[in-house]
1. Please indicate, with yes or no, whether at least one residue in segment 70-78 is without any contact (Cβ under 8 Å) to a residue 60 or more places away in the chain and buried (at least 22 other Cβ atoms within 10 Å of the Cβ).
2. Based on what the data block shows, is Lys261 outside any strand (DSSP E or B), farther than 18 Å from Pro68 by Cβ and of a type outside the set (A, V, I, L, M)?
3. Need pairs with beta-carbon distance below 9 Å; first residue at positive phi and within segment 116-130, second open to solvent by 80 Å² or more (accessible area, probe 1.4 Å) and at pLDDT below 95; sequence gap 6+ or separate chains.
4. Pairs, please: C-beta under 6 Å, at least 6 apart or cross-chain, first residue in contact (Cβ under 8 Å) with a residue 12 or more places away in the chain and within 15 Å of Lys102 (Cα to Cα) and in segment 252-269, second open to solvent by 60 Å² or more (accessible area, probe 1.4 Å) and in a loop (DSSP other than H, G, I, E, B)?
5. Among the residues of segment 13-23, is any modelled with pLDDT of 50 or more, among the aliphatic types (A, V, I, L, M), closer than 21 Å to Tyr153 by Cβ and open to solvent by less than 10 Å² (accessible area, probe 1.4 Å)?
6. Among the residues in segment 192-206, are any at pLDDT below 80 and in contact with a helix residue (DSSP H, G or I) (Cβ under 9 Å, 6 or more places away or on another chain)?
7. Would you mind finding the one in Val118, Val109 that is crowded, with 23+ Cβ neighbours inside 10 Å and at pLDDT 90 or above?
Amino acid sequence: METRKKRKKKMSPLKKTVLILLGVLVALLIGATAIAGKTYFDVKSTANKVSKPVKGRPEGTNIKDGKPFSVLMLGIDTGEFGRSDVGRSDTLLVATVNPNEKKTTLLSVPRDTRTEIVGHGTVEKVAHAYAYGQEKMALDTVEKLLGVPLDHYVWINMEGFEDLVNAVGGVEVNNKFEFKQDGHTFPKGKNKLNGDQALAYTRMRYEDPNGDYGRQVRQQEVIAAIADQALTFNGVTKYKQILKAIEDNMKTDLEPDEMFKIAMDYRESFKTIDEETLHGNGEMIDGLSYQVIPDEELVRVQTLLKQQLGK
């Protein structure tokens, strides 16, 4: 099997936290820059609004105990083009945060990965798990696929993604090749994107020679750009717009105290990030396109995550 190199990026701990825990911790970390007074209470109010526990799942204590923990992050395709159904998880990321090694691993799971949908009795695309059983089924399914416990989840819908980009005043990306998507044209090179454009930019995959893997790279690029904007002076002054985008379009089972503990006590864990992708082979099965994960690749990723979680 081809050996794949891990990409390591050095960023500030603040930016790394934002990249991994998405928009929820954007707000919390901005709040941490002015933790006293009204900003603190605004941030805590938003944290309470987005907190949603999952019934039937074990209660995690790793964060409270200062131990390594894992988070399943989902980008849900509701709020897009006026959609209001439950939706599917268009984007799946798993973050393992290890304070002992001062490192975080961010794993991209292709949405078309063929796997057992735990609790539904079918074998199909992993993205369908959320549509069938929301957070619990998504957690149970990805947990069984990867063979490691998933302590928490965070999801943001597509409307929230768009609102978050607008809240920070837009983002700049470096496009690898020109393409069109959803009525927008993206020339090669630097592009300044508003929310609607950023959503289209991260949706395209059919014109990309790397398919869904190329799209995952663009999604990570935009999330990093959101972080860059949110943590500038201009972004900090817009923290209320950022909080509004989060509270209307995001949920997590992280409790407010856990969110603040991550923001304040786990910063050293984000000094180094290893970006990984679960690589599969494209196959047509019963007329549907899947990513089928080879056993050796699955073992590689499972072993890596277990090491990061101290299992």
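The values are calculated or read from the model by the stated rules, or taken from the named source; none is laboratory data. As the structure is a computational prediction, the values presented were derived from the model and not from experiment. Here Cβ is always computed from backbone atoms with ideal geometry, including for glycine, and neighbour counts include all displayed protein chains. The protein model used for the area step is the full one, side chains on, heavy atoms only, and it has no ligands, DNA or RNA in it. Shrake-Rupley method; radii C 1.70, N 1.55, O 1.52, S 1.80 Å.
1. The answer is no; no qualifying residue exists.
2. For Lys261, the condition - outside any strand (DSSP E or B), farther than 18 Å from Pro68 by Cβ and of a type outside the set (A, V, I, L, M) - is not met.
3. Cβ pairs passing all conditions: Gly119/Tyr132.
4. Glu268/Lys102; Ser269/Lys102
5. The answer is no; no qualifying residue exists.
6. Yes, some residue in segment 192-206 is at pLDDT below 80 and in contact with a helix residue (DSSP H, G or I) (Cβ under 9 Å, 6 or more places away or on another chain).
7. The match here is Val109.
Here is a yes/no grid of residues against (1) open to solvent by 20 Å² or more (accessible area, probe 1.4 Å); (2) within 20 Å of Ser89 (Cα to Cα):
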residue	(1), (2)
Ala131	yes, yes
Lys144	yes, yes
Leu150	no, yes
Glu159	yes, yes
Gly170	no, no
Val173	no, no
